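*Asks:* Below is one structure. I have some questions about it.
Please treat every number below as a calculation from the coordinates, not as lab data. Computed from a prediction, not measured in an experiment: that's the story for all the values here. Virtual Cβ from ideal backbone geometry, glycine too; neighbours counted across all protein chains shown.
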């Protein structure tokens, strides 16, 4: 079992919704009406993304090596 940690970018849009993106996982993006909703949604999206990569036999992208991520982050355990 492995746990991967990915940095998340959260941004409030002009219409009040929140967008969430995992930059190291191309196309892994979601949104929510609240910051918490967007964060929960990106956690689920990142989990599904990584599981699909594993099923397809493709490599898991890695964040640049840092000891502390000074941003929101999600952890995916597979």
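*Asks:* Regarding the range 3-77, what are the three Cα extents along the principal axes, ordered largest first, in Å?
*Replies:* 39, 28, 18 Å, listed from the longest principal axis down.
*Asks:* Only counting other Cβ atoms within 10 Å, I'd like 3, 34 sorted with the fewest neighbours first.
*Replies:* If I rank by nearby Cβ atoms, fewest first, I get 3, 34.
*Asks:* At residue 35 and residue 75, where each label point lies 7 Å from the Cα along Cα→Cβ, what is the point-to-point distance in nanometres?
*Replies:* Distance between label points: 2.1 nm.
*Asks:* Now, a different point. Angle between the Cα long axis of helix 35-55 and the longest principal axis of the chain, 0 to 90 degrees, nearest 10?
*Replies:* The two axes meet at around 20 degrees.
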